[in-house]
Amino acid sequence: MTLEERSSPILKAFEKAVAWARMNSVWAVHYNSGSCNGCDIELLTTITPRYDVERIGIKLAGSPRHADVLVCTGPVTGQGKDALLRTYEQMPAPKFVVAIGTCALSGGVFEGSYNTYDGIDGLVPVDVYIPGCPPRPEAIINGFAQLLEKVENYA
Amino acid sequence: MAEISSDNGRKFTIPIGPQHPALKEPGHFEFVVDGEVIQEASVKLGYAHRGIEKIVEDRNYTQAMYILERVCGICSHVHASALAMGAEQLAGVEAPPRARAIRTLVYELERIHSHLLWLGVAAHEAGFEALFMYSWRDRETIMDILEEISGSRVHYSVNAIGGVRIDISAESAQNILKAVDFLEERSKHYLNVVSSDRVFLQRSRGIGVMSPEEGNRWGVVGPVARASGIKRDVRVDAPYAAYDIFPVTMITASEGDLEARFTVRVRELLESTRLVREVVKNLPEGELTTKVKRKIPPAETVVRIEAPRGELMYYMKSNGTDQPERIHGRTPTIPNMASVLHLTIGHQLADAPMILAGIDPCFSCNDRAVVLKSQSHSDLWSWDQLRQYGIDRYHGRT
Amino acid sequence: MPEDAKNTEETTEELVEETVALIPQVEAAREVLEPLSTSTTASGTKLLYVAVSLDQLNEATEAIVGSGLGYLISITPVDLGVEENQFEVLYHFGVGPGVVTIRITIPRDEPVIPSVCEQVPSATYYERELMEMFGIDVTDTPNRTRLYLPDQWPQGIYPMRKDYVPRSERQLPESKKDKV
């Protein structure tokens, strides 16, 4: 149901307030599904002083139960697959997924290996793809910015 | 009324991971605790197992080098250069002096980056967020340098089979010297912090003590071994690249606790800044690569490199074609992990993340654009655009 | 290709090696292993490969580790292929600046080796890798569970063997199938 279809103006206002609040404080949970750490350290760089995504309200949460966004890196290994799905299922709706790095998009250089699933979009729906091996922190923030647009329009 | 039993024999198993806030890499630990004290510890690895050893068997040497570089995003240079050095040994050639010196320079820059990264993560485990933020801010200095000389922040791709791909210009050399001056100052400050901050010392002094005998029994390597007084450093024992021209002073400590692991690593930062300065000032002139034949004759070799985390070994076997027959790597985390699980036993559960982070575990061990179907943003943001976005966003709040 | 032929011709010339004296630590290890070895090859001054028979493995390990000459760096299994029908297992020991490698050869259809965990406790991780990746049975190793391969990986399929066909054992998600 979209906002316009809702009948009660109070409910409508409430939904709007929730969407506003969500957009201004997006909490992310990071899951590494077998990446080489390159993307992970670049993601961590974005929360440290030089880049600091907290100024647009994005913060890494400790538990998937507190998170709005699943930030996923890596080509998804056989052992990591179930944990990825479990992490995704534990998140409260609405949930968004950001795939960081070429591996998470397509498997990257590990495409065709016996133990990888060639990217996460075959397993969970992805909202924003950020390519790069690894993407620069600026690229990651740009990806987050576009995610925020999506969050803002979600209701 | 239900009876409250005082069953002392009852123990709980606490699973940690693979998704956990403490470490940025996946690993699954199980701690069996009695109250707060750890009785047993075990690990399940393989969350980052990508089958790289199998993949490289059907790639040629140059392709394999790029795959090995992606074994680990933190110490990518050691893996790629191990393959380059191994292939050179198999082909019976030697990289030119300037190439060897540049490799050495990047080893040390990488060590600085890795140790600062670790310092931040370990401080984060101790709940010392300020140190985390400061060390990661300072780490950006080294990332800028690596980007300037190689074009990439993480996977530098410095190596080529037979030499290196990049050169150090006079301007870059000046920037490197400026950066290491700054980092030397900061490292001295960090040394002071990790050895004098009272709160921090309560989390590190006397925790996770490993005696040299234990260390030898478990075969630990790298800073963990050196913090327990085991004199083991491949750069000193078996100099490779240009470490014979630019000798390293081995940093050791005798306490073997977490504090010693902190101080050894921070003192290694100081040693690395000294080495970087020396290499940059005395960079030999000459060619960057020697020619290596595409097909490498059948032979086998072992390459040892001191990665930031400890000794890295690669066994390589060639079969006369342009593809390797077998490449097998042993990363430093494996022996250290075996020892550290042992160390957590008898400690409080709250100390476990610190002890684990103390070995700097690494489980896995050039694109600049975001392309999305959106009209509102350009594909690549400059720093100013990014800054402007933050300002606009802040002002645009309703 | 004419170019390839030229390359192989050139490389065979380079194979002729001159014999040079080993560095002292590696020489000491060579002397210790002399009575146990069936053949010894050196490559340069720092690398030594010593072949020993299967039942001498523990003794040879003890000879290096027990005397404090060196420490176990890693265990490398190599599949020599279906035609050769053999596995090689290489035990690399760091000996001063050099590396001494103990080489044992086992039949591919009955790959059983003894554990060296008695001598080197940290060998357990490498032995578990041998078991899951190559299907080499390491008798009396303390922990036999999987280390790297996923829990759902089928029994009896060993990915690092040369005759293993990648991805023969499991289904990919629908959307990724066309890639295989």
Does A:Ser63 qualify as being in contact with a Leu (Cβ under 7 Å, 6 or more places away or on another chain), within 18 Å of B:Gly27 (Cβ to Cβ), among the small types (Gly, Ala, Ser) and facing chain B (nearest Cβ under 10 Å)?
no
Quick one: how many residues across the stretch A:83-105 are in contact with a Pro (Cβ under 8 Å, 6 or more places away or on another chain), within 26 Å of A:Glu138 (Cα to Cα) and either of a type outside the set (Gly, Ala, Ser) or facing chain C (nearest Cβ under 10 Å) (or both)?
6
Inter-residue pairs, beta-carbon under 9 Å, first within 14 Å of chain B (Cβ to nearest Cβ) and in the stretch C:102-130, second acidic (Asp, Glu) and surrounded by 20 or more Cβ atoms within 10 Å (Cβ to Cβ), 6+ apart
C:Val116/C:Glu127; C:Cys117/C:Glu127
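Is it true that B:Asp237 is within 14 Å of chain C (Cβ to nearest Cβ) and out of contact with any helix residue (DSSP H, G or I) (no Cβ under 8 Å at 6 or more places or on another chain)?
Working: within 14 Å of chain C (Cβ to nearest Cβ): yes; out of contact with any helix residue (DSSP H, G or I) (no Cβ under 8 Å at 6 or more places or on another chain): yes.
Considered against the rule, which asks whether it is within 14 Å of chain C (Cβ to nearest Cβ) and out of contact with any helix residue (DSSP H, G or I) (no Cβ under 8 Å at 6 or more places or on another chain), B:Asp237 comes out as yes.
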From the list C:Thr12, C:Thr8, C:Thr41, C:Thr19, which residue is loosely packed, with under 15 Cβ neighbours inside 10 Å, modelled with pLDDT under 90 and either under 14 Å from the mean Cα position of the chain (by Cα) or assigned to a strand (DSSP E or B) (or both)?
C:Thr41
Do we find a residue being within 14 Å of chain C (Cβ to nearest Cβ), in contact with a Phe, Trp or Tyr (Cβ under 9 Å, 6 or more places away or on another chain) and crowded, with 18+ Cβ neighbours inside 10 Å anywhere in the stretch B:311-320?
yes
Flag if C:Tyr148 is facing another protein chain (nearest Cβ under 10 Å), touching a His at 6+ places or on another chain (Cβ under 7 Å) and either closer than 30 Å to B:Glu213 by Cα or part of a helix (DSSP H, G or I) (or both):
yes
Complete set of residues in the stretch A:11-60 that are more than 23 Å from B:Ala122 (Cα to Cα) and either within 9 Å of chain B (Cβ to nearest Cβ) or crowded, with 24+ Cβ neighbours inside 10 Å (or both):
A:Trp20, A:Asn24, A:Arg55, A:Ile56, A:Gly57
Tell me which of these A:Thr87 doesn't satisfy, since it passes every other one: (1) of a type outside the set (A, V, I, L, M, F, W, C); (2) in a helix (DSSP H, G or I); (3) surrounded by fewer than 21 Cβ atoms within 10 Å (Cβ to Cβ).
(3)
For B:Glu271: the one exception among (1) touching a helix residue (DSSP H, G or I) at 6+ places or on another chain (Cβ under 8 Å); (2) more than 14 Å from chain C (Cβ to nearest Cβ)
(1)
Subset of the stretch A:61-84 (residues that are out of contact with any Cys (no Cβ under 6 Å at 6 or more places or on another chain), outside any helix (DSSP H, G or I) and surrounded by 21 or more Cβ atoms within 10 Å (Cβ to Cβ)):
A:Ala67, A:Asp68, A:Val69, A:Leu70, A:Val71, A:Cys72, A:Val76, A:Thr77
Index of the failed condition, B:Val292 passing every other in (1) aliphatic (A, V, I, L, M); (2) surrounded by 17 or more Cβ atoms within 10 Å (Cβ to Cβ); (3) farther than 30 Å from B:Gln323 by Cα:
(3)
Flagged in the stretch B:156-212 as of a type outside the set (A, V, I, L, M, F, W, C) and crowded, with 21+ Cβ neighbours inside 10 Å, in numbering order, are B:Tyr156, B:Asn159, B:Gly162, B:Gly163, B:Ser187, B:Tyr190, B:Ser204, B:Gly208
If C:Glu132 meets every condition in (1) at pLDDT 90 or above; (2) among the charged types (D, E, K, R); (3) in a helix (DSSP H, G or I) apart from one, which number is that one?
(1)
Report yes if some residue within the stretch A:130-152 is within 14 Å of chain C (Cβ to nearest Cβ), of a type in the set (Asp, Glu) and closer than 27 Å to B:Ile67 by Cα; otherwise report no.
no
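The values are calculated or read from the model by the stated rules, or taken from the named source; none is laboratory data. It should be emphasised that the depicted structure is a prediction, and the values quoted were computed from it without experimental measurement. Note that each Cβ is placed from the backbone with ideal geometry, even for glycine, and that neighbours are counted across all protein chains shown.
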